[in-house]
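Before any comments, here is the structure.
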Amino acid sequence: MSEVICHVLLCETDDGLVLVDSGLGRHDFADPKRMGPARLMLRPERDDAKTAVGQIEALGFRADDVAHIVLTHMDFDHIGGAADFPGATIHTTADEHDWAVVNPNLTSKLRYAQKQWAYGPTFQTHAGPGDPWKHGLSGIEVLPGITYVPMPGHTRGHAAVAVDAGERGLLVHAGDAVFDASSYAATSPSGTPLTKVRRMRAFETAMAEDRKRITGNHAALRLLNDEDGITVLNAHDKRIFDDLVSA
Ligand SMILES: [Zn+2]
């Protein structure tokens, strides 16, 4: 596959620093088995400087400045970095937490890497569907200015996370509701045309818990992204990350 990244967002809020997704962390690189068998498909590069905690410390903050982590879902490449912020409250949808932690079935036991939350974090779950939001979607307020937009499909309780970024408008972190950004946008935010990445789409299909929902999620993300003042990004498409970072 082309280079796959784990794009997380760091938000400075009145409630402290908030991370949207946590990527992989130092504990994962020190003990790769912690990531579970799914790591063998992605073979992550082990670079402590690229972890969320490494980058946050490089900005001059401390790990314990991060008060909240809002997860799109609990796959190993989204929750792994949370252990680098042991004092942070982890937010998930109630559906995701139920499937991964409370009532796992064989599929979810194999899919999720339980060791990644063995340190005993505080989970705060958010039951949906929430209130009417945009384009027929619903939203659940997680923290002021940060809203879950449930988009199950990739996993049972997957949700996008909408962040009110003030002058930068609304940033919608779609997590793994879409892998290839050309599924929801013709161009990157700065206008570079996006071509189809077949291998990303094949991986997306292979990892979907409910394939029938994937196309609908892409359509919803396209409507959002087409709206003035909204930027949709996802977890793994490096083209969007590079574009937003250079903006
Ligand atoms: Zn992922």
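Any read-out appearing in this document is the output of simple, stated calculations on the displayed coordinates, not a laboratory observation. This one's a predicted model, so the numbers in the text were calculated from it and none came from an experiment. Neighbour counts are summed over all protein chains in view; Cβ atoms, including those assigned to glycine, are modelled from backbone coordinates with ideal geometry.
Only helices enter the 222 nm calculation for the chain: every DSSP H run of n ≥ 4 contributes -39,500 (n - 2.57), and dividing by all residues gives -6000 deg cm²/dmol, rounded to 500.
Listed highest first by mean packing, meaning other Cβ atoms within 10 Å per residue, what order do 90-98, 170-178 come in? Working shown, then result.
On the way: 90-98: 22.6, 170-178: 25.6.
Order by mean packing, descending: 170-178, 90-98.
Legend: calculated FRET efficiency, Asp242 to Asp65, from the Cβ-Cβ distance at R0 = 35 Å, rounded to 0.05, equals 0.85. Compared with the direct C-alpha span, the chain from Asn105 to Lys212 gains 36.5 nm at full extension, assuming 0.36 nm per residue.
Between the amide H of Thr13 and those of Val18, distances stay under 5 Å, these residues lying 5 or more places away or on another chain, with hydrogens modeled in the peptide plane. Modelled label positions at Gln124 and Glu141, each set 7 Å beyond Cα in the direction of Cβ, lie 1.2 nm from each other. Scoring 156-167, 40-51 by mean Cβ neighbours within 10 Å over their residues and listing the highest first yields 156-167, 40-51. Using C-alpha pairs under 8 Å with a sequence gap of at least 6, the mean separation divided by the residue count of the chain gives a relative contact order of 17 percent.
Remark: the Cα gyration tensor places region 13-130 in the oblate category, a/c being 1.5 or greater and a/b not exceeding b/c.
Pairs Lys134/Lys212; Lys196/Lys238; Lys33/Lys115; Lys50/Lys109: which exceed 19 Å Cα-Cα? Flagged as over cut-off: Lys134/Lys212; Lys50/Lys109. Note on the chain: Kirkwood radius taken over Cα pairs, Stokes-Einstein applied at 20 °C and 1.002 mPa s, translational D equal to 120 µm² s⁻¹.
If packing is taken as the mean number of other Cβ atoms within 10 Å per residue, what is the order of 99-110, 78-89, highest first?
On the way: 99-110: 14.2, 78-89: 22.9.
Ranking the peptides 99-110, 78-89 by packing returns 78-89, 99-110.
Each residue, Glu57 and Asp131, gets one label point 7 Å from its Cα in the Cβ direction; the gap between the two is 4.1 nm.
Starting from the Cα gyration tensor of region 115-220, take the square roots of the eigenvalues, sort them a ≥ b ≥ c, and report rounded, prolate or oblate (rounded when a/c is under 1.5, otherwise prolate if a/b is larger than b/c, else oblate). Oblate is the answer for region 115-220, as a/c is 1.5 or above yet b/c matches or exceeds a/b.
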